[in-house]
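No value in this document is a laboratory result; all are computed from the given coordinates. Remember, it's a predicted structure, so these values are computed and weren't measured experimentally. Using ideal geometry, Cβ is built from the backbone for each residue, glycine included, and neighbour counts are taken over all protein chains shown.
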Amino acid sequence: MRIALHAIGEIGDRAGKILLAERDLTALGLYGTSNRGGDRRTMAITELTGFEVLATDDLDAAAALAGIAADDGLSCVLAADIDPEPELVGRFEDAGATLLVGADLATGIAETLAAHEVARTDADLRLTIGWTEEGRPRRKGEAVPFPDPVGARWGERVTRRGEDRVPTVRVAVPHEGRWAGAVAQVTGSLDGEGVDRIVGVADERDHLGAIALAAGAVAVAAGAVGPGFHRPRDSAAAFLETALRMGLGVAALG
């Protein structure tokens, strides 16, 4: 696979290192930089011709970069969770290419953990999805049990786009420092028995963001995400499997 990477921060730089560990990667084009990298497969590029996917951690220019990818007939993976214009989505569909947005901690890792847990059982379920965001910790609100070293924290309920298969509560948790986390908690009943299962991750904030971006790029390049507009939860199994292979460590309870 040949992936172009537009990296503007630590998440993008780390994603590049993670991508270079992929056996199937034949070329990593560093788009918009003169840095050639230190691997024989890396190269500085100013054009996207010959690449399959453009991935970027640029939140401000996400839509513009997606437009450039669409112009060149490439798939595109964004860390930014944007709602693209219908015209842009149509361009990807016409080209048979993929636009994957939200390859990040919240929309990527947290939501795919939850989707995977829901898919494991036909139980009568309720779901809580939590993730950390940079900010001053709260002293009350919704309790979210992240794995150590983040630990249990207070957060605030938020509303997100899309329809849910089961009743779902989403909680954004402000947290300072370099650590971050995501968690999915499933409760309910199955055949008269109670269900209470928690799965979560906790690691360095930039590392988790990098895994999410790299996993999205590889899943798209491998054809695991169909053409058109998607978020990671639409192909949760493929996204999560790729992230686990890249080093995402998941803790489970219950």
Per 10 Å bin, what percent of the C-alpha pairs of the chain does each bin hold, from zero upward?
8, 32, 34, 20, 6, 1, 0
With Cα coordinates, the longest principal axis of the chain makes an angle with the long axis of helix 62-71, in degrees rounded to 10, of 50
Percent relative contact order for the stretch 105-204, counting Cα pairs under 8 Å at least six residues apart, stands at 35
For the stretch 105-204, compute Rg over Rh where Rg is the Cα radius of gyration and Rh is the Kirkwood radius from the inverse mean 1/r over Cα pairs.
0.97
Quick one: Karplus J couplings for the stretch 210-226, per residue in order, coefficients 6.51, -1.76, 1.60, θ = phi - 60°, nearest Hz, x for Gly and Pro?
5, 4, 4, 5, 5, 4, x, 4, 5, 4, 5, 4, 7, x, 7, 10, x
Given charges of +1 on the Cβ of Lys and Arg and -1 on the Cβ of Asp and Glu, with all other atoms neutral, how large is the dipole of the stretch 105-204 about its Cα centre, in debye to the nearest 20?
460
Karplus ³J(HN,Hα) for the stretch 44-60 (6.51 cos²θ - 1.76 cosθ + 1.60, θ = phi - 60°; Hz, whole; x = Gly/Pro) runs 7, 10, 10, 10, 9, 4, x, 9, 9, 9, 10, 10, 8, 9, 6, 7, 6
What value, in deg cm²/dmol to 500, does the helix sum -39500 (n - 2.57) over DSSP H runs of n ≥ 4 give at 222 nm once divided by the residues of the chain?
-8000 deg cm²/dmol
Based on a Kirkwood Rh over C-alpha pairs, give the Stokes-Einstein translational diffusion coefficient of the stretch 208-254 at 25 °C and viscosity 0.890 mPa s in µm²/s.
222
Given the options Glu85, Glu117, Glu176, which has the most mean-square fluctuation in a GNM of the chain, springs set between C-alpha atoms less than 10 angstrom apart?
Glu85
Net charge, Leu54 excluded, C-beta distance under 14 Å - Lys, Arg +1, Asp, Glu -1
-4
Kindly give the semi-axes, whole Å and largest first, of the ellipsoid equivalent to the stretch 52-182, taking each as the square root of 5 times a Cα gyration tensor eigenvalue.
31, 19, 12
Report, in debye and to the nearest 20, how large the dipole of the chain comes out about its Cα centre when Lys and Arg carry +1 and Asp and Glu carry -1 on their Cβ.
640
Quote the Stokes-Einstein diffusion coefficient, in whole µm² s⁻¹, for the stretch 130-254, based on the Kirkwood radius over alpha carbon pairs, a temperature of 25 °C and a viscosity of 0.890 mPa s.
155
Total charge of the residues flanking Arg14 in space, meaning their Cβ is under 11 Å from its Cβ, with Lys and Arg +1 and Asp and Glu -1, is -3
